[in-house]
1. Take the Cβ-Cβ distance between Lys362 and Val210 as r, set R0 to 25 Å, and report the resulting FRET efficiency rounded to the nearest 0.05.
2. Quickly work out the Lys45-to-Leu281 label distance, labels modelled 7 Å from Cα along the C-beta direction, and quote it in nm with one decimal.
3. Work out, step by step, the length gained on full extension between Glu288 and Leu182: first 0.36 nm times the residue separation, then minus their alpha carbon distance; give nm to one decimal.
4. Just how large is the dipole of segment 231-304 about the Cα centre, in debye to the nearest 20, putting +1 at every Lys and Arg Cβ and -1 at every Asp and Glu Cβ?
5. Taking a probe of 1.4 Å, how large is the accessible area per residue of segment 155-197, in Å²?
6. Report which label in (i) -0.98, -1.22, -1.29; (ii) -0.90, -1.13, -1.23; (iii) -0.72, -1.05, -1.23 holds the value of log10 I(q)/I(0) by the Debye sum over Cα atoms at q = 0.10, 0.12, 0.13 Å⁻¹ derived from the coordinates of this structure.
7. Calculate, in nm to one decimal, what His15 and Ala318 gain on full extension: separation in residues at 0.36 nm each, minus their alpha carbon distance.
8. Counting Lys +1, Arg +1, Asp -1, Glu -1, what net charge surrounds Arg229 among other residues with beta carbon under 13 Å of its beta carbon?
Amino acid sequence: MAADVLPEFQEFLKHKKIVPDKQIPFYAQWVSRFLAFLNRNSFTKLDIAIEQFIIWLRDSQHAQDWQLRQAGNAVRLYAGSFAAGNDAIVLPAVSRVEREDACDCQEAEKRIREAMRLRHYSYSTEKTYIDWCRRFYAWLAQTGSGANPVVQSAHVRDYLSHLAIRRKVASSTQNQAFNALLFLCREVLGLELADMHKTVRAKRGERLPVVLSVEETRRLIEAATGKDRLYVQLIYGTGMRLKEAVRLRVQDIDFDGGMVFVRGGKGDKDRSTMLPEAVKLLLGAHLEEVKKLHEKDCAAGYGSVLLPDSLKRKYPNAPKQWGWQWVFPSGNFSVDPLSGKTLRHHIDPSSVQKAVAKAVRKAGIVKHASVHTLRHSFATHLLMNGVNIREVQDLLGHKHVETTMIYTHVMRDMTKGPKSPLDLLDAAVPVSSE
């Protein structure tokens, strides 16, 4: 490695003793490649440029994981410490899209998609954010801002107020729109939102979750048959969310240990929960059928499933291995929207929703019960059986115990609470038979 590559940066690293001396020339080489990469490409923000550079090294230059880490550290040191503290150093222009330029909806969607995939957001979140982007730009066009408006903070504030006043959306819907537009403004348009406290907020009342009684749960399970019963038993017996259940892989189920491992749950967190004894027989028989389907797919030249990018690179043969297969595979092949490959994906969440809705009707349950009601019932019934609330919090994957506390209110209502004063009267007034 030549010592004449970015000598001032190398001297800076040596003086600060930030990295071992033998690695300093390598750090300079990575930064040199990054600066050349910047001159060939245009980006909206420096952090996106760095992430795109790492992806380019991985996909086009086939760099190894340790090289990617070293390159990322080098570039961030250069941009964040060396260049930022040296007025004589000028980074190449990161953005060729000025804030004054108009950005149409199609261009905004493209940039949102790129930014979200760089940050490994889920595909469902990507679709939701892009949908809100389209609605926002459509509203701007209707209000006379033109087809290619320069988005301002006031536009976002007025649109959120419009959702609350005109559309009368729920507070959760307004918050979802705010998060989507915040991402659009900060990560795509480079705009910081101001005066958001002036936004009219949708009212959020206190709501208790719908919970089934133990008897209603029993009736619901008896009303479901076949695979539908497996859905109901597994979600109620483990407390998983709907998407966590449909994304289960074979290796995430530990029959011997009686555990189910939830990978990449809400907040991209892993956790474990119990595997009920009552579901093991039905689940085992189901997996035998799934394995036959997988073997048939492999014989036909398919059999691969979607894996996270890092795992796919580290274990190139893993997509066809039995342990990585979905517990609930789809009945048909489909083209993955991210990779463009034809794969057998997991079942659509709507399949489980329809199965539970059918069982609710058949069981004669009049409560507005859904798949998530099974998770609420799981938590409430555990508390009724004396399980510590902290343990319930871990099983549910709640970040804060305050979130789990809401089930204590429901539990109090479902157990022996105070009696009505009417029932405490020594002699209630008899009902006239006339």
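1. On the way: r = 18 Å, r/R0 = 0.72.
Working from the Cβ atoms, E equals 0.90.
2. With each label point 7 Å from Cα toward Cβ, the separation is 5.5 nm.
3. On the way: separation 106, 0.36 × 106 = 38.16 nm, distance 4.63 nm.
Gain in length upon complete extension: 33.5 nm.
4. Values: 12 positive and 11 negative charges, 66 e Å.
Once rounded to the nearest 20, the dipole reads 320 debye.
5. Values: 2060 Å² over 43 residues.
Accessible surface, normalised per residue, equals 48 Å².
6. Looking at log10 I(q)/I(0) by the Debye sum over Cα atoms at q = 0.10, 0.12, 0.13 Å⁻¹ for this model, the match is (i).
7. Numbers: separation 303, 0.36 × 303 = 109.08 nm, distance 4.50 nm.
Answer, rounded to one decimal: 104.6 nm.
8. +3
The values are calculated or read from the model by the stated rules, or taken from the named source; none is laboratory data. Just so it is clear, the structure is predicted and the values come from calculations on it, not from any experiment. Counting neighbours? That spans all protein chains shown, and the Cβs are built from the backbone with ideal geometry, glycine included. Heavy atoms of the whole protein, side chains included, go into the accessibility calculation; ligands, DNA and RNA do not. Shrake-Rupley method; radii C 1.70, N 1.55, O 1.52, S 1.80 Å.
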